[in-house]
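For reference, the structure is listed below as structure tokens.
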Amino acid sequence: CAHAQAADLDALNLLNQTQFRALSEDLGAALSYKPLTPAEPLGITGFDIGIAVTATRLKNVDVFDRATSSGDIPSYLPVPTIRVHKGLPLDFDVGVMGGMVPGTNIRFYGGELRYAIVSGNVALPAVAVRGSYTRLNGVDQVDLDTKGLDLSISKGLLNFTPYGGIGRVWVKSTPNGVAGLAEESFGLNKVFAGLNFNVLLMNLAVEIDRTGEATSFGLKAGLRF
């Protein structure tokens, strides 16, 4: 994180269209929604509240550096977030999150709506479908948002719940006031796997995510009940 000091994305005028696409792919992968939770529903009284951090290995660090007027972007982009999930009736869950990249002007927020097709029990795993959305904030030269759809599965084993899933992320990246650059819209394949550990109210989740060509590692700690 120390290398990211004052590394604001404010020099997109130095990029060509190919470089803008590469920047958008890495941003979309890093800021797209990361589950960090099993597929099983929380139930109508359930909550999952935590602080998380993901580290995304960028494929185009040189492009990020070129797009910043000062400072350097690390090869692993750190993204801390605050997350809240709430169980709803009929095996639906809703979640919201917000975060930032330290030392930059990158801020973002997002959320998810998840439905457990199979809620899971002692014999059966839980299976859920999730729709998600994130939006970049704080960077004047580009508007970027992501929309995601994934299918996940999880199965509790004592205090551990391994989970995994596959999906697709759609990224829309629009330059603002930057001559010579045009909007980029594209899709990225997504696959993820994780392990949730719960003792009483305390909860810990670790996850690996591959979106497009960028790999992210995530850790979340908080309360789940």
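The values are calculated or read from the model by the stated rules, or taken from the named source; none is laboratory data. Since the structure is predicted, the reported quantities are computational estimates derived from the model, not experimental observations. Neighbour counts run over all protein chains shown; Cβ positions are idealised from the backbone, glycine included. To get the accessible areas, we keep the full protein, side chains included, count just its heavy atoms, and leave off ligands, DNA and RNA. Shrake-Rupley method; radii C 1.70, N 1.55, O 1.52, S 1.80 Å.
A few comments on the model shown:
- Rolling a 1.4 Å probe over the heavy atoms of the protein chains gives the chain an accessible area of 45 Å² per residue.
- The chain - percent of accessible surface contributed by carbon and sulfur, probe 1.4 Å: 64
- Ranked by how many other beta carbons lie within 10 Å on average, peptides 132-143, 203-214 from highest: 203-214, 132-143
- Cα gyration tensor shape of the chain, rounded if a/c is under 1.5, else prolate or oblate by comparing a/b with b/c: prolate
- The lysines within cross-link reach of residue 172, meaning a Cα-to-Cα straight distance under 25 Å and a gap of 8 or more places when in the same chain, are 34, 59, 147, 190.
- Mean ellipticity per residue at 222 nm, deg cm²/dmol - from DSSP H runs of n ≥ 4 across the chain, formula -39500 (n - 2.57): -3000 deg cm²/dmol
- Estimated vicinal HN-Hα couplings, Hz - region 112-119 in sequence order (Karplus 6.51, -1.76, 1.60; Gly, Pro = x): 9, 10, 10, 10, 7, 4, 10, 6
- Taking the Cα centre of region 35-100 as reference, the dipole from Cβ charges on Lys and Arg (+1) and Asp and Glu (-1) amounts to some 140 debye.
- Residue ranges 20-33, 148-161, 99-112 sort as 20-33, 99-112, 148-161 when ordered by packing (mean number of other C-beta atoms within 10 Å per residue, highest first).
- Alpha-carbon centroids, region 58-99 and region 21-43: separation in whole Å: 8
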